[in-house]
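Before any comments, here is the structure.
The values are calculated or read from the model by the stated rules, or taken from the named source; none is laboratory data. The shown structure was predicted, so the numbers you read here are calculated from the model rather than taken from an experiment. Here the Cβ is made from the backbone with ideal geometry for all residues, glycine too, and neighbour counts use every protein chain on show. Calculation scope for accessible area: heavy atoms of the full protein, side chains included, ligands and nucleic acids excluded. Shrake-Rupley method; radii C 1.70, N 1.55, O 1.52, S 1.80 Å.
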Amino acid sequence: MNFRPVQRHIHITKEEKSQEESLVLLPEDYKKKEDPYQVVTVVSAAYDIRFDLNPGDKVIVDAKMIQEIKTDIFGTINVICDNYVVGVITQ
């Protein structure tokens, strides 16, 4: 069984960020300011996206628009609509 995105969605994987240990004591409720954009890797894309993408390509996306879908069959799937892709990183 495979997951195939439709309606201009792109299946992505997010890169795990390592937790940095602070040498300064911070309040427990302190949250580091998140970057508004994130580099992600393309797993697959719907046939009707408006630009060329291949599995393994890296794209810059609006981080707030990443949708996290939890399923029993596939686990967690991250998708984003193609209009939230800011750019494609080329070699």
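Quick notes
- Kirkwood-based Rg to Rh ratio, the chain, C-alpha trace: 1.06
- Sparse packing (at most 16 other Cβ atoms within 10 Å of the Cβ) combined with a DSSP loop state is found for the following GluC sites (Glu not before Pro) in the range 5-75: E15, E16, E20, E21, E28, E34.
- Applying both filters, DSSP loop and at most 13 other Cβ atoms within 10 Å, to the chymotrypsin sites (Phe, Trp or Tyr not before Pro) of the range 1-72 gives F3, Y30, Y47, F51.
- Remark: the chain carries 82 Å² of accessible area per residue (probe radius 1.4 Å; ligands, DNA and RNA excluded).
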